[in-house]
Amino acid sequence: MATGPAVAQLKPLHIMLGVPPGASLDAITRVVAEKMTRTLGRSVVVENKTGAGGIVANMAVKQAAADGNTLLMTPLATMVAFPHSYSRLDYDPFRDYAPVAHIASFQLAFAVGPRVPATTLAEYVALAKKGGPVTDFATPAPGSLPHFFGLMFARAAGIELTHIPYKGGAPAMQALLSGEIAAAVLTLTDLGQQARSGKVHVLATSGDSRSPQYPEFPTFKESGYAIEGSGWYALFAPAGTPRDVVDQLARAAIDAVKQPDVKQRFDPIGLEATGLGPAELAAILRADYDKWGPIIRASGFKAD
C-alpha cells in the first residue's frame, strides 16, 4: 500500500475557505491553487464553504480525513480572534489543525480625516487626551482586527477611544472622508490610496516594518508605541496529517507565493507574499494568539 506523499496524490487536493467567490481571499487562493497544481502534479480544487464568518470552513477541515487531501485557507481571525471572542467554539486552533504555510500578510493603518488638525501620531494623541469627538474611530465591523487594533493603540497610548463600527470598509471610509468621523483603522491599502491623494492623513501603520507598497508612512513602533498587528492568510491541514505530507504541501505552497507573477497579483491588493513553512506558521499562530487574547478579553466583546 502506498504511504506518505504517494497517498496524498491519489485524489484531488481540496482547499476550503470561508469566503464567497470574488472576495480577495478567494482570488489569491485560486492563484496559489493553480501554482500548486503544477508543482504537485495533481488537481487542486478551491471550495467556498461560507457561513458564520469562516467557522463553517474551519469545521469542515477539522472533520476531514488527515490524509493530505484537504487544506484550510484562512485569515488570522478564525484562528486567533474567534477563540477569544466566542463563548463556545467547536474547534481549537492548536489541537485540531496542523500548520502548513503562511501565505501572505497585510498591514492596517490609523488615519484621521480632513477636519482633524494632526499630521503625526503624537499630535493626534495630544488632541485625544482632551477628549471629544476626535476620539471616535471607525472600523469595518465589531470584532474585526481593526477594532481590536484600535483598542491596542488606545491602551498603549494611554487614551480613551470610542469604537464606531460600520457595515464594511467602504462605509467606514466614506465616513472618514466626509468628516462624519474623526479617525479610522482600516487596511493600509485602502487608506494609503486616499492619503496619497491628500484626502486623509495616515498617521501610522501596523506592521513590524514599513510597507513596501507605502514606505512613506511610519510604523507605530517608529512613532513611539511598541505595538504591531498585521493580518495574515495561511494554510492549515487537519490535525494528524503525516509530517511528510504536510512538508510536501508546504513546499508547493511556498514555491507558489515566491513566484514573481504571484507577487504581482498580491501587490495591488496590499498583500505581502511571505511563504513561511510549518514551524514559522506555528510560531506566528502562538504569538498572535497570546498577543490578541488580552486585548479581546479586556474589550468585553462577544461575537455570540
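The values are calculated or read from the model by the stated rules, or taken from the named source; none is laboratory data. Quantities reported herein were computed from a predicted structural model and do not represent experimental measurements. Every residue, glycine among them, receives a Cβ derived from its backbone with ideal geometry; neighbour counts consider all protein chains shown.
Assorted remarks:
- Which listed residue is among the hydrophobic types (A, V, I, L, M, F, W, C), over 30 Å from Lys263 (Cα atoms) and out of contact with any Cys (no Cβ under 7 Å at 6 or more places or on another chain), from Val100, Val134: Val134
- Being surrounded by fewer than 22 Cβ atoms within 10 Å (Cβ to Cβ), assigned by TED's automatic domain parsing to the domain that holds Asp244 and within 18 Å of Asp290 (Cα to Cα) is a description that applies to Pro93.
- Some residue of the stretch 85-96 being touching a strand residue (DSSP E or B) at 6+ places or on another chain (Cβ under 8 Å) and either on the phi > 0 side of the Ramachandran plot or assigned to a strand (DSSP E or B) (or both): no
- Residue in the stretch 273-284 that is part of a loop (DSSP other than H, G, I, E, B) and either touching a helix residue (DSSP H, G or I) at 6+ places or on another chain (Cβ under 9 Å) or more than 13 Å from Ser105 (Cβ to Cβ) (or both) present: yes
- Restricting Leu145, Leu235 to those that are assigned by TED's automatic domain parsing to the domain that holds Arg265 and either closer than 16 Å to Phe106 by Cα or of a type in the set (Ser, Thr, Tyr) (or both) reduces the list to Leu235.
- Checked against the criterion of being without any contact (Cβ under 8 Å) to a residue 12 or more places away in the chain and either under 30 Å from Leu121 (Cβ atoms) or of a type outside the set (Phe, Trp, Tyr) (or both), the stretch 223-242 has no qualifying residue.
- Residue in the stretch 162-179 that is within 23 Å of Ile28 (Cβ to Cβ), touching a Phe, Trp or Tyr at 6+ places or on another chain (Cβ under 6 Å) and surrounded by 18 or more Cβ atoms within 10 Å (Cβ to Cβ) present: yes
- Residue among Thr37, Thr70 that is of a type in the set (Ser, Thr, Tyr), within 26 Å of Arg95 (Cα to Cα) and at pLDDT 95 or above: Thr70
- Close pairs from the stretch 46-63: first at negative phi, partner polar (S, T, N, Q) and surrounded by fewer than 20 Cβ atoms within 10 Å (Cβ to Cβ), Cβ under 9 Å, at least 6 apart: Val56/Thr50; Ala57/Asn48; Ala57/Thr50
- Restricting the stretch 188-219 to residues that are at pLDDT 95 or above and of a type in the set (Val, Ile, Thr), the residue that is surrounded by the most Cβ atoms within 10 Å (Cβ to Cβ) is Thr205.
- Cβ-Cβ distances below 9 Å connect the following pairs, each with a first residue in the stretch 262-279 that is within 27 Å of Asp247 (Cβ to Cβ), a second residue that is assigned to a strand (DSSP E or B) and charged (D, E, K, R), and a separation of six or more residues or different chains: Lys263/Glu272; Phe266/Glu272.
- Residue match in the stretch 99-108 (condition: buried (at least 20 other Cβ atoms within 10 Å of the Cβ) and part of a helix (DSSP H, G or I)): no
- For the stretch 96-114, the set of residues classified as over 21 Å from Phe148 (Cα atoms) and either assigned by TED's automatic domain parsing to the domain that holds Lys49 or at pLDDT 95 or above (or both) consists of Asp96, Tyr97, Ala98, Pro99, Val100, Ala101, His102, Ile103, listed by residue number.
- Filtered residue count, the stretch 245-262, keeping only those that are within 19 Å of Gly231 (Cα to Cα) and in contact with a helix residue (DSSP H, G or I) (Cβ under 8 Å, 6 or more places away or on another chain): 3
- In the stretch 142-199, counting only helices (runs of 4 or more DSSP H) that sit wholly within it, the ones holding 2 or more residues that are within 24 Å of Lys302 (Cα to Cα) and touching a residue at least 12 places away in the same chain (Cβ under 8 Å) span 145-157, 169-178.
- Within the stretch 34-58, the residues that satisfy the criterion of being under 19 Å from the mean Cα position of the chain (by Cα) and part of a helix (DSSP H, G or I) are Ala52, Gly53, Gly54, Ile55, Val56, Ala57, Asn58.
- Once the stretch 12-34 is narrowed to residues that are of a type outside the set (A, V, I, L, M) and modelled with pLDDT under 90, the residue that is farthest from Leu271 (Cα to Cα) is Gly22.
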